[in-house]
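Take a look at the structure set out below.
The values are calculated or read from the model by the stated rules, or taken from the named source; none is laboratory data. Computed from a predicted structure; not experimentally measured. Positions of Cβ are backbone-derived with ideal geometry, glycine not excepted, and every protein chain shown enters the neighbour counts. Note: areas computed on protein heavy atoms with side chains; ligands, DNA, RNA excluded. Shrake-Rupley method; radii C 1.70, N 1.55, O 1.52, S 1.80 Å.
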Amino acid sequence: MSSENNDSERTKLTKDNLDDLLRDLAKTYKKLTHGNAHAELIMVGGASVLANFSFRESTMDIDAVILADSAMKEAANLVSDRYGLPKDWLNSDFRKTASFSQKLREVSKHYRTCANVVEYRTITDEYLIAMKLASARDYKYDFSDIAGILFECKEKGKALTMKDISEAVITLYGGWDTIPETSRSFLKNAFDVSDLGKLYEDTCNQERENKDLLHTFTGKYPNVVRESNIKDILKSLREKNAGLK
């Protein structure tokens, strides 16, 4: 089961180049700091999915908790130039979103250490699902990632339970109060369906359609979409699109 997340306007990070980028970033950071500064990056989102699961083929950037010397920004810029990546390919913008939690460090897992100076950690399994539930973006692969993680964990013989996910939500966010109803409904349905693979594919298709609708809308009406209104705009666009079919 696989699905590629397409976006022709940006260079993608893939399973094939992710580790190369991480190694290059660490080597560059070590050179800039003369090996005197260690760093820790906790990868979340799409990069964490890439590092831990096989169903995702790409992501557009690396969202991370970045604990490092200020030279990390310069190192990231130098790597972006070498690989033709956007300047924000490594960022911590997610810290401003509902998915951020102060508990991420303690639930993260070691991924690899590069150049003996940068430790990369990831969020995985039920904690990554909890973050996706908090984000609840049905135009950025949050819901398909939930289905994909559930599917792959089950295939590996370590199926997650509702209790596992509930405990992760409580650990990261203190409870379910901040989790949107759309996320709760999707998760309930995911545990009810018999074919998680089909749910994953169907959800990917819906998310791509939503993304295309928003892309067309923002092309006609730039500077209108905001975080505060994007869900209402998307709902209106879906209803209009359904009426045309």
remark   = The percentage of the accessible area of the chain (probe 1.4 Å, all protein chains present) made up of carbon and sulfur atoms, to the nearest whole number, is 47
inquiry  = Per residue, how much accessible surface does the chain expose to a 1.4 Å probe? Answer in Å², no decimals.
reply    = 51
request  = Using only Cα atoms, find the angle between the long axis of helix 162-173 and the longest principal axis of the chain, and express it within 0 to 90 degrees, rounded to the nearest 10.
outcome  = 60
ask   = For helix 125-135, what angle does its Cα long axis make with the longest principal axis of the chain, in degrees from 0 to 90 and rounded to 10?
value = 70
note = Charge tally for neighbours of E207 with beta carbon under 9 Å away, counting Lys, Arg as +1 and Asp, Glu as -1, is +1
request  = Enumerate lysine pairs in the stretch 1-115 that are 8 or more residues apart or on different chains, then count those whose Cα atoms are under 14 Å apart.
outcome  = 5
query = Taking only Cα atoms, what is the 0 to 90° angle, nearest 10, from helix 196-220's long axis to the longest principal axis of the chain?
reply = 90
query = Can you list the aspartates and glutamates whose alpha carbon is less than 19 Å from that of K240, not counting same-chain residues fewer than 8 positions off?
reply = D138, E207, E209, D212, D232
